[in-house]
Amino acid sequence: MIMYFSASGNSRFVAERLAHTTGDELVCLNDRIKRHDTSELVSDVPFVLVCPIFAWRVPRIVAEHLSRTTLTGSREAYLLVTTCGSSGNAGAWAERDLRERGMTLLGWHTSYMLGDYVAFMQDPDVARAPAVNRRVADELEALAPLVRERRPLPTQEVTVLDRFMSRFANPFFYRHIIGRPGFHVTDACVGCGTCAAVCPLNDIGMHDGGDGHAVPAWGDDCTHCMACVHRCPTQAVEWRDVTVGKARYYNRGEM
Ligand SMILES: Cc1cc2nc3c(=O)[nH]c(=O)nc-3n(C[C@H](O)[C@H](O)[C@H](O)COP(=O)(O)O)c2cc1C
């Protein structure tokens, strides 16, 4: 079973490419988190978690959701993360979580995607997306047989800096950046409600904007995933003034 969480499509792309080769069942964790659905998941083959890196580890909303979900059947798992810079020592932290529930991490892998964290990084160079996806798809073709045969994945190098970022920068980032207010809409907003629909935490409510159309308002349960920013059809969602003028990107699997 391949479980994935994805805000801007990169991890969904990886999960779908892997499933295309392994034939594994796909489970979307965005939907389950949004519905508060922690019903049991059952798999006879190793569980594969595919998700973005948030602050050098598996996103907390994903780890917390899975900690409340009973995983039955296989006691083995893989972790495939997508990132645009560094995944730190995310594998070791995931391994620890799995060990606590009596499971074994068979391996972890980082796919380097088109950078789209526009709150902190530069414009995504959208023209490069097909080439990036092709490269990642080729990598996954090579990994898929290992996953199918429950073999270890090639070891990833983890530096002292990686360990530092996952251990110390992660809590700092969560405390000072993630969940901080700043999302708002510009006049380009048409009140369509896409942002509210794609928010995995149901943190965006649509309110009467006065002049006949609804406007979104963000609550205080945001995990900064940027789905609202990238999925807005009129590019009206901004985070502070940092995202202004930057391209938006949702990975639709273009190759
Ligand atoms: C809140 C947040 C934190 C992030 N932290 C990191 C990070 O520590 N290292 C990194 O390389 N990329 C980081 N990113 C970038 C994402 O991991 C990357 O864009 C990922 O491919 C997005 O996956 P998705 O399209 O499936 O949501 C972060 C993105 C977000 C939204």
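The values are calculated or read from the model by the stated rules, or taken from the named source; none is laboratory data. Quantities reported herein were computed from a predicted structural model and do not represent experimental measurements. Neighbour counts run over all protein chains shown; Cβ positions are idealised from the backbone, glycine included.
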Could you tell me which of the residues ARG75, ARG32 is assigned by TED's automatic domain parsing to the domain that holds ASN10, within 22 Å of LEU201 (Cα to Cα) and modelled with pLDDT of 95 or more? ARG32
Set ARG231, ARG175: member being touching a residue at least 12 places away in the same chain (Cβ under 8 Å) and charged (D, E, K, R): ARG231
THR72, sole failed condition from (1) without any contact (Cβ under 8 Å) to a residue 60 or more places away in the chain; (2) on the phi > 0 side of the Ramachandran plot: (2)
Quick check on my filter: what residues within region 148-160 are free of Cβ contacts under 8 Å to residues at least 60 places away in the same chain and over 30 Å from ASP44 (Cβ atoms)? GLU157, THR159, VAL160
Reported set for region 179-216 where residues are touching a strand residue (DSSP E or B) at 6+ places or on another chain (Cβ under 7 Å), surrounded by 15 or more Cβ atoms within 10 Å (Cβ to Cβ) and on the phi < 0 side of the Ramachandran plot is PHE183, HIS184, VAL185, CYS189, CYS195, ALA196, ASP203, ILE204, MET206, ALA214, VAL215, PRO216
Lone qualifier among ALA169, ALA247, ALA197 - being among the small types (Gly, Ala, Ser), assigned by TED's automatic domain parsing to the domain that holds THR110 and either under 22 Å from the mean Cα position of the chain (by Cα) or closer than 22 Å to TYR4 by Cα (or both): ALA169
Residue count, region 69-114, condition closer than 26 Å to ASP31 by Cβ, within 13 Å of the ligand (Cβ to nearest atom) and part of a loop (DSSP other than H, G, I, E, B), comes to 4
Tell me, yes or no, whether region 53-67 has at least one residue that is surrounded by 14 or more Cβ atoms within 10 Å (Cβ to Cβ) and among the polar types (S, T, N, Q). no
Pairs under 6 Å by beta carbon, first residue more than 16 Å from GLY9 (Cα to Cα) in region 51-69, partner near the ligand (Cβ under 7 Å from one of its atoms) and small (Gly, Ala, Ser), six or more apart or different chains? TRP56/GLY88
Log entry, pairs with first residue in region 19-39 being in a loop (DSSP other than H, G, I, E, B), second being of a type in the set (Val, Ile, Thr), beta carbons closer than 6 Å, six or more apart or on different chains, reads ASP24/ILE2; THR38/THR69
Counting only residues that are among the β-branched types (Val, Ile, Thr) and in a loop (DSSP other than H, G, I, E, B), region 144-161 contains a total of 3
Heads up, the strands (runs of 3 or more DSSP E) in region 162-230 (entirely inside) with at least 3 residues that are away from the ligand (no atom under 13 Å from the Cβ) are 204-208, 214-218
May I ask you to list the residues in region 221-241 that are surrounded by fewer than 19 Cβ atoms within 10 Å (Cβ to Cβ) and in contact with an Asp or Glu (Cβ under 8 Å, 6 or more places away or on another chain)? ASP221
When you check PRO124 against the structure, is it more than 12 Å from the ligand (Cβ to nearest atom) and part of a loop (DSSP other than H, G, I, E, B), yes or no? no
